[in-house]
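So the structure is just underneath, and the comments pick up after that.
The values are calculated or read from the model by the stated rules, or taken from the named source; none is laboratory data. The model shown is predicted, which means the values in this text are computed figures rather than measured ones. Don't worry about glycine lacking a Cβ; one is built from the backbone with ideal geometry, like all the others, and counts go over all protein chains shown.
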Amino acid sequence: MIRVGIVGCDTSHVVAFTTRLNHVGVDEDQWVDGCKVVAAWPGTSEVSPERIDGFVEQLSGWDVEIVDELEDMIPKIDCVLIESTDGSVHLRNATPFIEAGMTTYIDKPFASSFADAVKIVELAERHNVGLFSSSSLRYGMEVQEFKSREQETGKVLGANAYSPCSLHPRNPGMYNYGIHGLETLYALMGPGCESVCCVFDEGAEVSVGHWTDGRIGVMRGTREGAHAYGFQVWCENAVEAHFIDAGNIYRELLKRIVTFFETGQSPVPIEETLEIIAFIEAAMISAQASGERTELSTP
């Protein structure tokens, strides 16, 4: 059994992941085998500090050891989940584990700046450490089902994805929550975006990505009214639209995390994760420039 540690307890993901990995508090059809959460470091939070105590209490009730110092966890675990909601602390919090050679999953957002994202990747490369980061929406059942029919539908020629996109100064732009819809878009389109145009308003934003092969992918983030997750795709042989049911997304993501911890091989190439971060930064620059087309940064 792989021993897993959690870093940062200001997100509901620490409960959602622990219940499924440790087989507590959820129905058996949500259980994921192969790993067990054995330790957690509460951390501090500039995003949701009020949530930490309650989540720590829940973890303690499931026999998860709560450590006082980040580094105290290293000898107790085999792999780590970096879970802080604030992406700007992910470089700092992940560094001791990467330097210790530990396979590392970093929850969304991978980082809250492209510069930090590049530093994390370079650090992992120096220490030959596997990295994986993803929104759970990438593994929504509807996304997986659609992708399983690629021979039927033909190549995706374009896609629209949408999700809530609340804002927070610690996670600017789509880093905070819009990354869910953006990950969905990338699950459908794959990497290869070269530039972005973003129209921004307080209630919503729309980012149009231009892929190097001429395809167009659109991410719509909502901040007012009703919210949902979903996508529409234009393929060689079909046009389809799907809502995403979030009921099984944590289970499906955890299946990939467990396999990643077992093999060290990320199901999402780290180059694609870097491109997603670059997309977010380009969208913010475009929004500030009244929708001007902005090229993505490269490492």
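Can you tell me which residue within region 161-172, out of those that are buried (at least 23 other Cβ atoms within 10 Å of the Cβ) and in contact with a strand residue (DSSP E or B) (Cβ under 8 Å, 6 or more places away or on another chain), is nearest to Met284 (Cα to Cα)? Give the steps one after another, and end with the answer.
Pass one, region 161-172, residues buried (at least 23 other Cβ atoms within 10 Å of the Cβ): 161-163, 165, 171.
Now drop any that are not in contact with a strand residue (DSSP E or B) (Cβ under 8 Å, 6 or more places away or on another chain), which leaves 161-163, 165.
Numbers: Ala161: 18, Tyr162: 17, Ser163: 17, Cys165: 13 Å.
Top of the filtered list is Cys165.
Return the only residue of Thr11, Thr44 being of a type in the set (S, T, N, Q), modelled with pLDDT under 95 and not in a helix (DSSP H, G or I). Show your work before the answer.
Values: Thr11 fails: modelled with pLDDT under 95.
Matching residue, one of Thr11, Thr44: Thr44.
Which members of region 253-274 meet the condition of being of a type in the set (A, V, I, L, M) and over 21 Å from Val118 (Cα atoms)?
Filtering region 253-274 for residues of a type in the set (A, V, I, L, M) gives 253-254, 257-258, 268, 270, 274.
Within region 253-274, Leu253, Leu254, Ile257, Val258 qualify.
Can you find, within region 41-82, the residue that is surrounded by the fewest Cβ atoms within 10 Å (Cβ to Cβ) among those that are closer than 24 Å to Ser112 by Cα and hydroxyl-bearing (Ser, Thr, Tyr)?
Taking region 41-82 and keeping what is closer than 24 Å to Ser112 by Cα, we get 41-52, 55, 69-71, 79-82.
With the extra rule that they be hydroxyl-bearing (Ser, Thr, Tyr), the set shrinks to 44-45, 48.
Values: Thr44: 12, Ser45: 19, Ser48: 16.
The selected residue is Thr44.
What number of residues within region 193-222 are assigned to a loop (DSSP other than H, G, I, E, B) and buried (at least 17 other Cβ atoms within 10 Å of the Cβ)? It would help to see each step written out before you state the result.
Initial filter on region 193-222 (assigned to a loop (DSSP other than H, G, I, E, B)): 202-203, 212-215.
Retained after the next criterion (residues that are buried (at least 17 other Cβ atoms within 10 Å of the Cβ)): 215.
Final tally of qualifying residues: 1.
When region 262-272 is examined, which residues are found to be out of contact with any strand residue (DSSP E or B) (no Cβ under 8 Å at 6 or more places or on another chain) and assigned to a helix (DSSP H, G or I)?
Kept after step one, since they are out of contact with any strand residue (DSSP E or B) (no Cβ under 8 Å at 6 or more places or on another chain), are these residues of region 262-272: 263-265, 269, 271-272.
Selection gives Thr263, Glu271, Glu272.
Kindly check whether there is at least one residue in region 71-90 that is closer than 17 Å to Ile257 by Cβ and assigned to a helix (DSSP H, G or I).
Restricting attention to region 71-90, the residues satisfying the condition of being closer than 17 Å to Ile257 by Cβ are 77-84, 90.
Those still in the list that are assigned to a helix (DSSP H, G or I) too: 90.
Yes.
Return yes or no: is His227 more than 29 Å from Ile82 (Cβ to Cβ) and either without any contact (Cβ under 8 Å) to a residue 12 or more places away in the chain or outside the structural domain of Thr104 (by TED's automatic domain parsing) (or both)? Lay out the reasoning, then the answer.
Numbers: more than 29 Å from Ile82 (Cβ to Cβ): no; either without any contact (Cβ under 8 Å) to a residue 12 or more places away in the chain or outside the structural domain of Thr104 (by TED's automatic domain parsing) (or both): yes.
No.
So, of the residues in region 94-117 that are in contact with a Ser or Thr (Cβ under 6 Å, 6 or more places away or on another chain) and not hydrophobic (A, V, I, L, M, F, W, C), which turns out to be nearest to Leu253 (Cα to Cα)?
Top of the filtered list is Lys108.
May I ask you to list the residues in region 245-256 that are within 16 Å of the chain's Cα centre (by Cα) and not basic (Lys, Arg)?
Within region 245-256, the first condition is being within 16 Å of the chain's Cα centre (by Cα), and the residues that meet it are 246, 248-256.
Across region 245-256, the qualifying residues are Ala246, Asn248, Ile249, Tyr250, Glu252, Leu253, Leu254.
Would it be correct to say that Phe110 is crowded, with 18+ Cβ neighbours inside 10 Å, of a type in the set (A, V, I, L, M, F, W, C), in a loop (DSSP other than H, G, I, E, B) and modelled with pLDDT of 95 or more? Lay out the reasoning, then the answer.
Working: crowded, with 18+ Cβ neighbours inside 10 Å: yes; of a type in the set (A, V, I, L, M, F, W, C): yes; in a loop (DSSP other than H, G, I, E, B): yes; modelled with pLDDT of 95 or more: yes.
So Phe110 passes the test.
Residue check, Gly158 against (1) in the same structural domain as Glu236 (by TED's automatic domain parsing); (2) in a helix (DSSP H, G or I); (3) of a type in the set (Gly, Ala, Ser), all met but one. Which one?
For Gly158, the exception is condition (2).
When you look at Glu262, is it over 16 Å from Leu296 (Cα atoms) and either in contact with a Phe, Trp or Tyr (Cβ under 6 Å, 6 or more places away or on another chain) or assigned by TED's automatic domain parsing to the domain that holds Gln30 (or both), yes or no?
Details: over 16 Å from Leu296 (Cα atoms): yes; either in contact with a Phe, Trp or Tyr (Cβ under 6 Å, 6 or more places away or on another chain) or assigned by TED's automatic domain parsing to the domain that holds Gln30 (or both): yes.
So Glu262 fits the description; yes.
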